[in-house]
C-alpha cells in the first residue's frame, strides 16, 4: 500500500481554536507517514483546491505546527464558498478530481460548519459518482454551536467563555457606575440563527448580576422587555443585556435592521446593541453603554476554554484516525458521557445527517419569560468553558504563529472560479 | 498621637485595576493601625462622603481585601460628580468637614483621573481655608493615560494590553477571511481627548498587520484616509483600523457624536466604528466588520498587564505612606527610570499641577502621515503592557470578589445633594 497525500482546508468564519484542529490533523498525519504522505492545505479553503493553490504543510517545522494549537484564526486562509450540487456544477467537481489526481490526494479533511459539512458530503460522493477514490471526513467547527448530533462544536466553548467573562466584567463595571451614571449595559454577540452564544451571557446570573438575554429563537416582545428591564434596574440599580445579532421582531425583521435615529436625527448605522440601548433610553431615560464584540469574541484565543482547545485538537486527530480506518462521509463528534464530573469522548456522525441541519437552543434551555437561561442550560454550558489554556506571550502580546505557507508547484492549467 | 480614620473613594470611570489601588491603600493602612484607624470607603465615590454613606472596610477579611487586587471595577461604587469651587459651593465643603469630624477622618484618599485630582486638591485646601486638618492624597487612575507629570496612569497599561491583543487577534481573523469575505475590520476604542488607547492598537504593526489609527489629536482627513486604506488592502489584502471614540473632523465634530453629555458636561460618544466602516464601504465596496469594545476594554481584568497591576497597587500604598509622612495635596506618580530593562519608581507631584491638566500624545509618538505610531511610541508602550497577571478562575469564569460593603452608622442629619 502506497501513501496517499491528504488535503485539509478551513471553511467559513474562523475561530479561536480552528487551528488547534489543523494541528490535530497535521500532527496525527505526521505520525502515520507510511500511509499519509504530505498534508496539503487549501489556500483560502476550498478555493485553494479549485485553483490548485495548495500549501505544502511539510515545509513547516514541528514547532510551527505545534504553535497552531494556540493561534487563533485560520492559518491557511478560509473562505465562504459553497459548492453547488454535482448536477448543477459538474465542472467544479471534475476540477477537484483533476487536482486530487495531480497531487495524489486520497484524503479530504474539511474543517467547518453546516455549509462545509454539505461540501464535504458532496466530495465524499465523488468516489461513487465519478469513480475517484477519496475519503472525506468533516472536522466540526463553528462558534454558533449549531451542528446536529455532536454535543457541542469546537469554537463554541471559547467564545462562550469570552462572552460570559466579558459580560461579568462589564457588569461589575456598570454596577460601579450605576448610582450617578450608566445603568444599562448592552452587549451584542454573534449567532445569526441560534442563541447559544447569547446564552453564555446568562451564566453571570449566578454571580449576582441582573442580566437579560435576547435570543434569535424567541420573538422580541418590546413592551414586556422594557418592563422587565425597568423592574431589574429598580431592584438592582442596573441591568445588563446580552443581545444576539439574530434577535428578531415578531414580523421577522432583525432588531439590527431597525433604523433608529440619534439625538441629532441622524440615522444610526448598524448593530442590534445600539438599537436596544436607545430603545431603553427612550422608554426610561436610563443612561447606557453598549459594546459590539464582533470578531473579538471568536478570535479571543487569549481566553480560550481548555476544554474547547482539547476537543478541537481531538476532532482533528480523530478525523485522520477515522480516515485511516477506512471511513468516508463522516464527521467526528463530541459525546458527553458524564455531567459531573464532566467527561466526553469522540463519537461519529454520518455526513448525510449533518449537512445543512441547524441545531437551535431547546426551549427548555430558555427560561419561561424568554429572557434568561435555565439550570439545565447552565449545566450544559459550564463544562464547555472550563479551564484556561493561555498562549505564550512576548513583549506583552500573545506570540501567535504565522506560517510560511509555501505553495506546492502547480501541475495543471489555471481554472476560473 | 491618636489614630485618625481614613476616607477612600473611587471616582469617574472605573478600570481593571482601580481595585488594586484600593487594595494597596487598605492593606497599607492596616499595617499602620497605630496611626490610621479604620478606612472608610465612600459608597459611590465622593457622594458617599456628602451623604454620610460610608462603608466600613474593617468589616472585610484580609482575603476579601487581597482579592481586590484581581477584581475589576470599583468595589465601593464610583461616581461622576465634581465639586464646584469653594466660593461657588461652600455648603458642600462644610458638609464634608462635618462628615470628616463626625467620623474622625484625618486622611483623604481619592482615586481617580483629572477631574478627581481637582476635587482632591480642593479638599486638600480645607485645612487652610476652613480650619479642618485633613491630609488629601490623590491616587492616580485613568484608562485614558492623560494625567500630567506621571509617566503613565494605572489602568492604562491593562486597557492597552487588551486593545493591542484584541487588535492582533481580530486582524488574524480578517486576514483569514479576506480572500472572499471581510477585508476591513474597524475597532473603536476609548480615549475622549487623548489617543493613548488607540495608539496601543498600533503595536500590532510589528506582527505584520496593516493597521491604521485614527487619533483624537489628528484632524480626520477623509480623503487621505480612504486612499491609504485602499493602498493597504491592495498590498496586504486587508486592513485593520483602530479608531478612537474621540476622533474628530476638522470642524471639531466627533466622528461618533451622539449629542448627549455626561455629568461633567463632556460629550458622550460611541459609534465611530460603524461610521468609519460604512464610509470605507461606500468609497471602495470592501466588505467590513466592526466592533466597539466600550466597557469590555476597561473591565478586562482577565488580561491585565502585570506591570499595570503592580503600579496600581504601588500607587495606593504610596498614597498612604505619603500621608503618614505628613504630605498633603500631592499625588504619587510613576517615574520611568530605565527603558531597557524597564524600571520604574514612585515619584510625587503637587496636585496644583495635576488638577485639570490633560496630557495628549506627543506629536513625535504619531507617525508622519498621522495614521500610525512611531518607534519611540512603541518603546514607551511596550513596558506598560508587559506581563500577565491572571485572576483565579472557578467553573470557567474569573472568581472576582464582591465585598460586603457594610455601612457605617450615620451620626448626622441627612444631606441633599
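Where only DSSP H runs of four or more residues are counted, chain B gives -10500 deg cm²/dmol as its mean residue ellipticity at 222 nm, each run worth -39500 (n - 2.57). Remark: mean inter-chain Cβ contacts per residue of A:182-194 equal 1, using a 10 Å Cβ-Cβ cutoff to other protein chain atoms. When residue A:226 is represented by a point 7 angstrom out along its Cα-to-C-beta vector, the spacings to that point in the other copies are 3.8 nm, nearest first. Cβ-to-Cβ counts within 10 Å put B:25, A:408 in ascending order as A:408, B:25, the fewest first. Using a 7 Å projection from Cα along Cα-to-Cβ, the label point at residue A:90 is separated from the same position in the remaining copies by 9.8 nm, smallest value first. Shielding by partners for peptide B:389-397, expressed as the average number of C-beta atoms from other protein chains within 10 Å of each residue's C-beta, is 6. Distance from the C-alpha centroid of segment A:314-372 to that of segment B:343-403: 43 Å, rounded to the whole angstrom. Only bridges whose two residues both fall in chain B count here: according to DSSP, what percent of them are antiparallel, nearest 5? For chain B, the DSSP antiparallel bridge percentage is about 40. When a/c is below 1.5 the answer is rounded, else prolate if a/b is larger than b/c, else oblate, so apply that to the protein assembly as shown with a ≥ b ≥ c taken from the square roots of the Cα gyration tensor eigenvalues. Prolate, because a/c is 1.5 or more and a/b exceeds b/c. Peptides B:310-319, B:210-219, B:371-380 ranked from most to least packed, by the mean per-residue count of other Cβ atoms within 10 Å: B:310-319, B:210-219, B:371-380.
Peptide packing: for B:224-230, B:337-343, B:247-253, the average count of neighbouring Cβ atoms within 10 Å per residue gives the ranking B:224-230, B:247-253, B:337-343, highest mean first.
Taking other C-beta atoms within 10 Å as the exposure proxy, B:32, A:327, B:103 rank B:32, A:327, B:103 from fewest upward.
Cα centroids of segment B:172-212 and segment A:87-102: 38 Å apart.
Taking Cα atoms only, the orientation of helix B:18-31 departs from the longest principal axis of chain B by about 30 degrees. DSSP finds beta bridges in segment B:156-298, and of those with both partners inside it, around 15 percent are antiparallel.
The long axis of helix B:156-177 is offset from the longest Cα principal axis of chain B by roughly 20 degrees.
With R₀ fixed at 56 Å, the C-beta to C-beta distance from residue A:31 to residue B:340 puts the FRET efficiency at about 0.85. Angle of helix B:306-324 to the longest C-alpha principal axis of chain B, folded into 0 to 90 degrees and rounded to 10: 30°.
Sorting A:193, A:138 by the number of Cβ atoms found within 10 Å of their own Cβ, with the fewest placed first, yields A:193, A:138.
Put a dot 7 Å past the Cα of residue B:284, heading toward its Cβ, do the same for residue B:348, and the two dots end up 5.3 nm apart.
Inter-chain Cβ neighbour count for A:70-80, averaged per residue, equals 5 (cutoff 10 Å, partner chain atoms only). Here the gap between residue A:324 and residue A:356, fully extended at 0.36 nm per residue and compared with their Cα-Cα distance, gives a gain of 8.9 nm. A crude spin-label estimate for the pair residue A:409 and residue B:206, with each label 7 Å from Cα along the Cβ direction, gives 4.0 nm. What the Cβ-Cβ distance of residue A:59 and residue B:234 gives, at R0 = 35 Å and to the nearest 0.05, is a FRET efficiency of 0.80. Counting only DSSP beta bridges whose two residues both lie in the protein assembly as shown, roughly 40 percent are antiparallel. Between copies, the label points of residue A:348, set 7 Å from Cα on the Cα→Cβ line, lie 7.4 nm apart, reported in increasing order to one decimal in nanometres.
Any read-out appearing in this document is the output of simple, stated calculations on the displayed coordinates, not a laboratory observation. As the structure is a computational prediction, the values presented were derived from the model and not from experiment. We place every Cβ from the backbone using ideal geometry, glycine too, and count neighbours over all the protein chains shown.
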